[in-house]
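Undergrad: Could you have a look at this structure, given as structure tokens, before my questions?
The values are calculated or read from the model by the stated rules, or taken from the named source; none is laboratory data. Remember, it's a predicted structure, so these values are computed and weren't measured experimentally. Glycine also receives a Cβ, built like all others from the backbone with ideal geometry; neighbour counts cover every protein chain displayed. Accessible surface areas use protein heavy atoms only, side chains included; no ligands, DNA or RNA. Shrake-Rupley method; radii C 1.70, N 1.55, O 1.52, S 1.80 Å.
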Amino acid sequence: MKPTLPALAVMTAVSGLAQAQLVIDVSGYEFVDGLGDADNQILEVFIGASWEITEISWDLNLTTLTDPNASFPSWASEANIDFNGQLNLQVSGTAAGVVNENNAGTSGPISLILGADGLLRMEFWESFDDSPGMADAFLGEGSTITIPIPTPGPLAAVGIGGLFAARRKR
């Protein structure tokens, strides 16, 4: 049993350090109508079947728009991003119109489980629809969502560690 412990310690250390960052450019995406509306923009990104996402970071530049039939802009606090129906991100807390307002942060630890198709589905939607069928806000240039993804290195270390542990037992 003792030979197994050093192998497990190495695997934990290696898997804890080796992570890549998946950076998703969401520049230009618009917030149109309420959650689930056919006019909303949806972005799907393949990550991996049954994958668990434990953290999501964002760096978003939000601009709200004014309905041509109204004299006031949509509020920034109405812009939301839904992640697979499991997590919702309110992009801004500002109860007013904004121009290129930067909002950055990290949500974690979380447990967002992807389905068998391996897709992360992001729906850009408005909690209050000022202009049905029209964009109420959009994400400006440089807007990104970042997800840490374990690299193949830790998985290989698990396999090698398992072989090492099995070989030492004999």
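Undergrad: Just to be sure before I move on: is Glu141 at pLDDT 95 or above and over 17 Å from the mean Cα position of the chain (by Cα) in the structure I sent?
TA: yes
Undergrad: In the stretch 37-53, which residue that is aliphatic (A, V, I, L, M) and within 18 Å of Asn88 (Cβ to Cβ) is surrounded by the most Cβ atoms within 10 Å (Cβ to Cβ)?
TA: The qualifying residue surrounded by the most Cβ atoms within 10 Å (Cβ to Cβ) is Ile53.
Undergrad: Let me ask another. Of the conditions (1) under 19 Å from the mean Cα position of the chain (by Cα); (2) more than 16 Å from Val23 (Cβ to Cβ); (3) open to solvent by less than 70 Å² (accessible area, probe 1.4 Å); (4) β-branched (Val, Ile, Thr), Ile56 fails just one. Which one is it?
TA: The number of the failed condition is (2).
Undergrad: Further question on the same structure: Only one of (1) in a loop (DSSP other than H, G, I, E, B); (2) open to solvent by less than 10 Å² (accessible area, probe 1.4 Å); (3) at pLDDT 85 or above is not met by Pro132, so which one is it?
TA: All conditions are met except number (2).
Undergrad: Any residue in the stretch 26-43 that is closer than 19 Å to Pro148 by Cβ, aromatic (Phe, Trp, Tyr) and touching a strand residue (DSSP E or B) at 6+ places or on another chain (Cβ under 7 Å)?
TA: Scanning the stretch 26-43, I find no residue that is closer than 19 Å to Pro148 by Cβ, aromatic (Phe, Trp, Tyr) and touching a strand residue (DSSP E or B) at 6+ places or on another chain (Cβ under 7 Å), so the answer is no.
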